[in-house]
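Everything below concerns the one structure shown next.
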Amino acid sequence: MSNAPRTYNQDHVTRRYTPGKRRLSIYWTWSYPWESQRDLTEMDNRFSTMTEVRRVAWPVAVFQRVDQAGYPQPIDQRILDDCDTLLIFGLDHLGSRLEATQEEVEAMKEWLKREGTCLLVAPHHDVGFTDDADQRQMEYKHHGDRLVPRQQRFSEYTRSLMKALDIPVWNEWGLRPALVKGTRDIAPLTAFRDLDKLNLLNNVPTLNFHPHLPHYVLTKDNGKVQVLARQPIDPDRPHPFTAAGNTEFNCLLWMPPSGERAGDIVLVDSTNFTTLFGGTDSLKNFWKNLATA
């Protein structure tokens, strides 16, 4: 048995004393299993869930495909009837094998016939989709995030949904944005504002810095999708995508209404809806533009 104290799920590694610096520790006076496994139907004497916090602090209805209590919630009329803009964040790992059902697809197609609706689809990154260990290592060193393993593949559900809704887009890679030389500021977007009929890019010179963002590749160029913005890639960190001659990746796409579909479809990564990676006025303007489009 180790003599080291336990820090979360591992043994604590002793920190050396350095003169002039303080070593800080935190001690939570709780039983984590007891607190985290509280019955959610009992409202008293338990912590708020993330869903409850969002409902109070962020006036947006938040649904989960399968919630903390194991309750499944497919996208159906109960979600769509009182919704004008639906944001689908593709944060399911490929290994979970989640896919959109035919009933969900039909419900969304019907909803998109309504004037003024907007579907935002946000498939996340696909890091390390190869069996080549050297390529996985190159990708890992490119994004530089030690919390992300050599393979982290997202968005089985959104991929199935895009296919069913005839959205000719696929999420590839996990790319690190370029910075303005000599600063920690993200490099400005290459924006195609003449195509931006929804005004999503009004007062939006940049989006969010996140070290592994997806490239939204067009699987076929049928004129249905407008690329509204591309993000310059960090040129100093080798990556297979830049080795192939690419310097930017598609980060904001728009499908205008077409045929029976009266609603708009927008594609952008879900990390642009959090300040976890550095909130800016530019990002707030983007949120406002989307909410009022």
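The values are calculated or read from the model by the stated rules, or taken from the named source; none is laboratory data. Just so we're clear, the structure is a prediction, and the values are computed from it rather than from any experiment. No Cβ is skipped: glycine too gets one built from the backbone with ideal geometry, and neighbour counts run over all protein chains shown.
Brief remarks follow.
- Odd one out for Thr158, checked against (1) polar (S, T, N, Q); (2) closer than 18 Å to Leu112 by Cβ; (3) free of Cβ contacts under 8 Å to residues at least 60 places away in the same chain: (3)
- Odd one out for Pro238 among (1) loosely packed, with under 12 Cβ neighbours inside 10 Å; (2) assigned to a loop (DSSP other than H, G, I, E, B): (1)
- Conditions (1) of a type outside the set (D, E, K, R); (2) under 30 Å from Pro149 (Cβ atoms); (3) crowded, with 19+ Cβ neighbours inside 10 Å; number of the one not met by Thr130: (3)
- Failed item, numbered, when Tyr140 is tested on (1) outside any loop (DSSP other than H, G, I, E, B); (2) surrounded by fewer than 19 Cβ atoms within 10 Å (Cβ to Cβ): (2)
Conditions tested, residue by residue: (1) touching a residue at least 40 places away in the same chain (Cβ under 8 Å); (2) touching a Leu at 6+ places or on another chain (Cβ under 8 Å); (3) β-branched (Val, Ile, Thr).
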| site | (1), (2), (3) |
| --- | --- |
| Gly174 | yes, yes, no |
| Leu179 | yes, no, no |
| Gly182 | no, no, no |
| Asp194 | no, no, no |
| Asn202 | yes, no, no |
| Pro205 | yes, yes, no |
| Pro214 | yes, yes, no |
| Gly223 | no, no, no |
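- Single match in Val56, Val60 (criterion: free of Cβ contacts under 8 Å to residues at least 40 places away in the same chain and surrounded by 10 or more Cβ atoms within 10 Å (Cβ to Cβ)): Val60
- Taking every residue in the stretch 10-32 that is surrounded by 10 or more Cβ atoms within 10 Å (Cβ to Cβ) and pairing it with any residue that is at pLDDT below 80 and part of a loop (DSSP other than H, G, I, E, B), at least 6 positions away or on another chain, the pairs with Cβ-Cβ distances below 6 Å are Asp11/Ser2; Asp11/Ala4; His12/Ala4; His12/Pro5; Arg15/Arg23.
- Residues satisfying the stated conditions in the stretch 94-108, i.e. surrounded by 15 or more Cβ atoms within 10 Å (Cβ to Cβ), closer than 24 Å to Asp269 by Cβ and in contact with an Asp or Glu (Cβ under 9 Å, 6 or more places away or on another chain): Leu94, Leu98, Glu99, Glu104
- Here Cys118 fulfils each of the conditions (1) under 23 Å from Phe209 (Cβ atoms); (2) in contact with a strand residue (DSSP E or B) (Cβ under 6 Å, 6 or more places away or on another chain) apart from (1).
Yes/no per residue for (1) outside any loop (DSSP other than H, G, I, E, B); (2) on the phi > 0 side of the Ramachandran plot; (3) not β-branched (Val, Ile, Thr):
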position: Arg55; (1), (2), (3): yes, no, yes
position: Val60; (1), (2), (3): no, no, no
position: Gln64; (1), (2), (3): no, no, yes
position: Ile75; (1), (2), (3): no, no, no
position: Arg78; (1), (2), (3): yes, no, yes
position: Asp82; (1), (2), (3): no, no, yes
position: Leu98; (1), (2), (3): no, no, yes
position: Glu104; (1), (2), (3): yes, no, yes
position: Lys113; (1), (2), (3): no, no, yes
